[in-house]
Every structure is written in C-alpha cells, then in structure tokens.
1. Taking the residues in segment 179-196 that are in contact with a Pro (Cβ under 8 Å, 6 or more places away or on another chain) and modelled with pLDDT of 95 or more as candidates, determine which candidate is farthest from Asp128 (Cα to Cα).
2. Identify all residues within segment 219-266 that are assigned to a helix (DSSP H, G or I), of a type in the set (A, V, I, L, M) and out of contact with any Leu (no Cβ under 7 Å at 6 or more places or on another chain); write none if there are none.
3. Can you pull out every residue in segment 313-336 that is modelled with pLDDT of 95 or more, in a helix (DSSP H, G or I) and among the hydrophobic types (A, V, I, L, M, F, W, C)?
4. From the residues in segment 267-301 that are among the hydrophobic types (A, V, I, L, M, F, W, C) and not in a loop (DSSP other than H, G, I, E, B), which one is nearest to Gly185 (Cα to Cα)?
5. Working only within segment 215-244, note down all residues that are farther than 20 Å from Ala264 by Cα and buried (at least 16 other Cβ atoms within 10 Å of the Cβ).
6. Hey, could you check segment 263-322 for residues that are closer than 13 Å to Ala387 by Cβ and free of Cβ contacts under 8 Å to residues at least 60 places away in the same chain and say which is surrounded by the fewest Cβ atoms within 10 Å (Cβ to Cβ)?
7. Hey, among the residues in segment 355-404 that are among the polar types (S, T, N, Q) and touching a helix residue (DSSP H, G or I) at 6+ places or on another chain (Cβ under 8 Å), which one's surrounded by the fewest Cβ atoms within 10 Å (Cβ to Cβ)?
8. Testing Asp93 on (1) buried (at least 20 other Cβ atoms within 10 Å of the Cβ); (2) outside the structural domain of Glu211 (by TED's automatic domain parsing); (3) touching a helix residue (DSSP H, G or I) at 6+ places or on another chain (Cβ under 6 Å), one condition comes back false. Which one is that?
Amino acid sequence: MALQDYTNDMFGCSRCSLCKWIPQNQVKSWRFAKGCPSMDRYHFHAYSGSGRMIMGMSMLDGRSELGDAVAEIIYKCQLCGACQVACMAVRDDIDLGDVLLEERARCVEEGFLLPEHMEFIESMKREDNTLGMRKADRGNWAKGLDIPDINLERVEVLFHAGCRYSYDEDLMETVRNAVALLKKGGVKAGIAGRDEACCGGRAYETGYQGEMKKYADDMAGRVKASGAAMLVTPCADCYYTFKYLYPKNGISLDVEVLHITELADRLIRAGTIKPKRAVPMKVTYHDPCHLGRRGEAYRGGWSGENKLDRPIRFKQSGEKGVFEPPRNIIRSIPGIEFVEMERIREWSYCCGAGGGVLEAFPEFAGWTARERMEEVASTGAEALVTACPWCVRVFQDTIRETGSSLKVIDVTELLMRSLGGK
C-alpha cells in the first residue's frame, strides 16, 4: 500500500489530541500521563500522531511539500504505537501506525534520507545485519553451546537470535541463557549460525520497505528447510516483524512464531522447568513496544471503504500483545517483589530506541530512556526487567551516562538465576 491508500484515515482524524496521552481512565498521576515521546520531547503538534496525519494529508492535497524539516519530524518518532492505541481507545476507524510507516516510505521514495539510516541499510546489503559487523561472525555468540546447526540437521524449533543479540557483546550472555533455558525445557532448537540474516524489520520501519522483502523470502526458505514447526526469537523487534510486517506484506512463514518469554511461560506452566532458587530483589517490568502493543499478530482479510464497519477481529488495538508471559515468569520466581509502573501493557512508555531514532537521533533516544527511568525510580524498584535487546541497550547506555544505580535485567536472565544458571 501507499500513503494515498490511507487518505480516509488521515481525513478522518478529528484533531482531538488524545493521541498525545494515555487514556484518562488509565492515568494514575499527571507526571506520567503522556504517551507519545516525540510530543513529550518537542512540544509542538506536528510531532504528535495527529500532527503527522495533517502533514500527510497536506502533502497529498498539494498544500505543502515534503522537505528536510518535514522529513525530520517524520523520522523523530520511535513508531512505538502509543498514538495508535490511544486513538483506538476512542475510535477504531483509523490505522494511524500504518500512516506513519507510509510517510517514511514517501521520504525514501523522494530522496529525503538520513545518513545514519543509509549506513545501516548498506550494512544490511553487505553483511546481512544492521550493526556494521561481519556476517562471518554472526554465529560466534553460540560457541561452545552444542546447539544443532539447521544447515546440517532438521530441528523441531528454529531459534533466531537477531542482529543485536548476535553482535552486542554486552548482551551475548542473555541470548546464551535463552538457549540454555530451551535445553532445560527439553526443547530441541537449532540455529542458522553464520547463515542467519537480519529480519529486515528495521529497514521497513525506516522507509526502505523493499529491502525487507529479500530478508523475508530468505527467512521463509530457511524455516522451511529446517523442518521446524516453531520459530522462537528473544528479540522483540524480530518478533514484531515476523508476526505483523511479514503477513501485512503477504509473506507467511507457515510456523508458529513465539517470543522466548511465551515459550518459557508454557514450560513453567507445564512443570517442565521449575524456578526454585530465590532471587531476593524488588523489580518492575518494562513492556517493549514491539512485544507489547505492537506485538499483535497482523489481522488481515477485511476489505471495505468504511473502517467503522470493520469487525473487531480485524482491528489492531494493541491489547492482544505479549503482556502476561513475562509477568508470569517474574511472578514464578521465589523471592521476587514485583511492582508495576503507572504506564504499563498497551499504555507503556517507549524506551526510546525504536524506529531508527537510536541510530539517527541518539540524544532523543537517551532523553526518552531517562523519562522512563524516572518512572522506574518512582516505584522504588532496584532493577528494571524487560524482554528486548534494544530496550536493554538504550537503558544500559543511559544508566552509564547518568550514573544511576538501577540494574537492567532481561527476563530470561532473571529466570535462569532461579533455575541455577548464572
């Protein structure tokens, strides 16, 4: 689809500004009532979901042109989905999130490109990852794990680590813990190792929609060749790409797609793994945008002009994302004191790293992370638990810059501590 295909969505925006906030019935305090980091940071209507709808409509009508200033506003957005779910809370005939994606595609089509985005697109073309690292080193994180190579044998489960986990040395222990967790649960999982490639989601989100297609085709072929009936990833971005972006673009992997927290929760409830060791710690949980409100499976199959007629089963409200499995895991661990922040589940505040913002606007990403960390501090928690490597990365960087004593822990790492791991 293209931007003009969402004309009714943009024209239908009532400029109510509710996209800037979490819904009133979810507000616990004025301090943590805002939902859109972009609007929260830049304080001008153009930076809101509604403002970007107005810009899109104005460009289509020929009342304004796409220029550098407009493109910068379009790109200064984490695509976190907060505006989408806030809009859906009061009306359900607007697909705001898809409009934002198409505005970025328009930027790329017309040559309004950010050098930082071009850099990781070139990295994807050269080395099949977004981080500028060597493809030959992609499987190094798994050295010594004795995990099946899908290029040599068929497996029940294909484990996809993702770019960040494959190359970020600070996070490699987390992905190794995820594999150890599967082994403890008796899950026969295999990896593609050096042949694993980027999911392509970050390219799509920054407007390079065509780039994702070849990675999706590659992934579909790899899944089929592996013989797997299940695809598991610890990366929230990859999960969103597999569950939403691929089917939205007519690409099916023909397997069950699970985030590692969903599978771990199943194993705990089945009694296959049993957290026993106490982990005495007060923690709170941060819902990653791509796992939570944006982690809903794509609901295609409906067509029509008036989206008010669209049945609820086709609407992306954000409420059917992955929220309970990580919390179930945390609650299953002896010794944990679990407290919630004010903005949680589909109303969660973004970490700041998504949508190409971390690469192109690191100051904005850090600002957003600091805002979220203030909410963490308000709970009295000593550790922030989450389930996304990009969230962990930006929070850890911000902690280092601010000198905070807060700990950031991936939920699988926390579970492994209770299971007797590191």
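1. Taking segment 179-196 and keeping what is in contact with a Pro (Cβ under 8 Å, 6 or more places away or on another chain), we get 188-191.
Those left that are additionally modelled with pLDDT of 95 or more: 189-191.
Details: Ala189: 22, Gly190: 19, Ile191: 16 Å.
If we take residues in segment 179-196 being in contact with a Pro (Cβ under 8 Å, 6 or more places away or on another chain) and modelled with pLDDT of 95 or more, then Ala189 is farthest from Asp128 (Cα to Cα).
2. Narrowing segment 219-266 to residues assigned to a helix (DSSP H, G or I): 219-226, 236-248, 260-266.
Those still in the list that are of a type in the set (A, V, I, L, M) too: 219-220, 223, 225, 236, 245, 260, 263-264.
Hits for segment 219-266 are Ala225, Leu245, Ile260, Leu263.
3. Ile329, Ile330
4. At the first step, the residues of segment 267-301 found to be among the hydrophobic types (A, V, I, L, M, F, W, C) are 267-268, 270, 273, 278-279, 281, 283, 289, 291, 297.
With the extra rule that they be not in a loop (DSSP other than H, G, I, E, B), the set shrinks to 267-268, 281, 283.
Working: Leu267: 6, Ile268: 9, Met281: 25, Val283: 25 Å.
Out of the qualifying residues, it is Leu267.
5. Initial filter on segment 215-244 (farther than 20 Å from Ala264 by Cα): 215-227, 241, 244.
Answer for segment 215-244, where residues must be farther than 20 Å from Ala264 by Cα and buried (at least 16 other Cβ atoms within 10 Å of the Cβ): Tyr215, Ala216, Asp218, Met219, Ala220, Arg222, Val223, Ser226, Thr241, Tyr244.
6. Among those that are closer than 13 Å to Ala387 by Cβ and free of Cβ contacts under 8 Å to residues at least 60 places away in the same chain, it is Gly295.
7. Initially, segment 355-404 is screened for residues among the polar types (S, T, N, Q), giving 368, 378-379, 386, 396, 398, 402, 404.
Okay, now just the ones that are also touching a helix residue (DSSP H, G or I) at 6+ places or on another chain (Cβ under 8 Å), so 368, 386, 398, 402, 404.
Working: Thr368: 27, Thr386: 22, Thr398: 23, Thr402: 13, Ser404: 16.
Among them, the one singled out is Thr402.
8. Of everything listed in (1) buried (at least 20 other Cβ atoms within 10 Å of the Cβ); (2) outside the structural domain of Glu211 (by TED's automatic domain parsing); (3) touching a helix residue (DSSP H, G or I) at 6+ places or on another chain (Cβ under 6 Å), Asp93 misses just condition (1).
The values are calculated or read from the model by the stated rules, or taken from the named source; none is laboratory data. Bear in mind the structure is a predicted one, so any value in this text is a computation, not a measurement. Cβ atoms come from the backbone with ideal geometry, glycine included; neighbour counts cover every protein chain shown.
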